[in-house]
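This report refers to the structure that appears directly beneath it.
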Amino acid sequence: MKKIRFIDLFSGCGGLTEAFLNNKKFIPLKIIDNDKFCYQTTINRLKKIKFKNPEKIAHLEDISSPKTINSFKKIQSDIVIGGPPCQAYSVAGRIRDKHGMKKDYRNYLFESFLKVISYSQPNYFVMENVPGILSANPGNIKVTVRIKKETDKIKYFIPENLSDCVFDLSKYGVPQKRKRVIIFGVNKKLKNFKEISEKFYKTLRFFESKKVVTVQDAIGDLEKLFPLNEITKIKGRKFSHKVNSKKLDHTPRFHNERDIKIFKLLADDIETKKFKYKTVKELQKLYTKIVGKKSNIHKYYVLRKDEPSNLIPSHLYKDGLRHIHYDSKQARSITVREAARLQSFPDDFEFIGPMTQQYKMIGNAVPPKFSEYLLKTILELY
């Protein structure tokens, strides 16, 4: 079988790329992101997988710049994968922003993605994004209408109703409640391009499983990290919990005494099945009582050990209040390694950068486990 050449745009730390890099049927031509920590992480991963000259594969570039886009005129690929930044499309982001994210430049980065498609002329492309893209309406024109118009212009076929392209990633072995829109484009120069599109979606749906991977399945075997009797300082950094010297990415972020008490209270409430703080209203009241401020959203959430995790977001870099460990004795939020496992990253995947940036990369990533099923689906087309 001829090697399949691929490009990854807006690659992040490499969750979507992971399965493709580990399959010898695929050759990476170019992997691009404009974040230096994502770039360094990708370089490190390429070295780990034994790629020669990783600097020729991974690039730290602004994908929206004309120089970068024009460089693809000389690069012919078989498939382009990627996910333009989703923050402008997320419902949560629109709630927080006073303009509803309508003025955010990231609303239009899909145009850069499709411009590369028009130059590189792959047989297929896969664009991944949040379900919020279906309702995003910058300039009072729906993003999905804009995407359909642009794909028609460059002669690529995508489904008419993108609402049918939403996938629940927990059905693909990902221990997390995470839904994503998968837009699969087919070059109209191919015969039976509509049938190819139908086969892609039918095959990807076929791989869905009723078996659920729970939080405990994913992180239950990791070392328990209990609160220390007193705050410890190591190399100027404060620690409130046990430090895992063998696995630094499985060391909790620092928590103050107030948060530790809240975490213990909420996790114990679930363990003992009292469920006093199960409703949003009760959690909001608790937050106001302890912090002295009101919040329109509830700030706390304890992971249920016998269910998939709630969404792992990039916001995790700010705090872990909505990702509290289910064990009340540990009284902490999840570690970087636990977040990575809930996103289905393998344990040998190393994230380069400060802890905050590691959380952000993980939250923005496509779960590698889902990437495996995308790859299997694509191979069915060859």
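Read-outs throughout are calculated quantities, based only on the coordinates presented, and are distinct from any laboratory measurement. Keep in mind that this is a model prediction, so the values were computed, not measured. FYI the Cβ positions are ideal-geometry reconstructions off the backbone, even for glycines, and counts take in every protein chain you see.
Tabulated data for the structure shown
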item: R0 of 45 Å, Cβ-Cβ distance ASN53-GLU271: FRET efficiency to nearest 0.05; result: 0.30
item: For SER333, residues with placed amide H under 5 Å, excluding near neighbours; result: HIS325
item: Selection of GluC sites (Glu not before Pro), the stretch 158-251, meeting DSSP coil and at most 16 other Cβ within 10 Å; result: GLU160, GLU208, GLU223
item: Rel. contact order, % - alpha carbon contacts under 8 angstrom, at least six apart, the chain; result: 17 percent
item: The stretch 223-334, relative contact order [Cα under 8 Å, separation at least 6], %; result: 27 percent
item: Helix axis angle, 193-206 relative to the chain longest principal axis, alpha carbon, degrees; result: 30 degrees
item: Per-selection Kirkwood Rh - the stretch 265-382 (Cα, Å, 1 d.p.); result: 16.0 Å
item: Dipole magnitude of the stretch 223-334 about its Cα centre (Cβ charges: Lys, Arg +1; Asp, Glu -1), debye to nearest 20; result: 320 debye
item: Neighbourhood net charge (14 Å Cβ-Cβ; Lys/Arg +1, Asp/Glu -1) for LEU60; result: -2
item: Cross-link pairs beyond the 25 Å C-alpha cut-off, checked among LYS177/LYS318; LYS47/LYS188; LYS242/LYS281; LYS224/LYS360; result: LYS47/LYS188; LYS242/LYS281
item: Residue-by-residue Karplus 3J(HN,Hα) for the stretch 338-352, coefficients 6.51, -1.76, 1.60, Hz, glycine and proline x; result: 5, 4, 5, 5, 5, 9, 6, 6, x, 5, 8, 7, 9, 9, 9
item: GluC sites (Glu not before Pro) within the stretch 249-353, DSSP loop, no more than 16 other Cβ atoms inside 10 Å; result: GLU350
item: Label of the coordinate-derived value, Rg and Dmax of the Cα atoms in Å, listed as [x] 26.0, 84; [y] 21.7, 68; [z] 22.2, 73; result: [y]
item: Trypsin sites (Lys or Arg not before Pro) lying in DSSP loop within the stretch 223-277, provided at most 15 other Cβ fall within 10 Å; result: LYS224, LYS235, LYS246, LYS247, LYS273, LYS274, LYS276
item: Only Lys, Arg (+1) and Asp, Glu (-1) charged, at Cβ; the stretch 142-231 dipole about Cα centre in debye; result: 800 debye
item: Inter-label distance, nm, simple model (7 Å from Cα along the C-beta direction), ASN192/VAL212; result: 3.9 nm
item: Shape call, the stretch 223-334: gyration tensor on alpha carbons, a/c limit 1.5; result: prolate
item: Efficiency of FRET from Cβ geometry, ILE297 and LYS142, R₀ 22 Å, rounded to 0.05; result: 0.30
item: Residue (of SER11, PHE349, PRO28) at the positive-pole extreme of the chain, dipole from beta-carbon charges; result: SER11
item: Relative contact order for the stretch 149-207, counting Cα pairs under 8 Å that sit 6 or more residues apart, in percent; result: 33 percent
item: Exceeding the 28 Å Cα-Cα cut-off - candidates LYS179/LYS289; LYS179/LYS278; LYS261/LYS305; LYS153/LYS199; LYS67/LYS153; result: LYS179/LYS289
item: Given charges at Cβ of Lys, Arg, Asp, Glu: the stretch 223-334 dipole, positive-most of ALA267, HIS255, TYR301; result: HIS255
item: Top positive-direction residue, dipole computed over the chain with Cβ charges, set ILE324, TYR124, LEU169; result: ILE324
item: Förster radius 22 Å - calculated FRET efficiency between LYS25 and ILE154 (Cβ-Cβ, nearest 0.05); result: 0.25
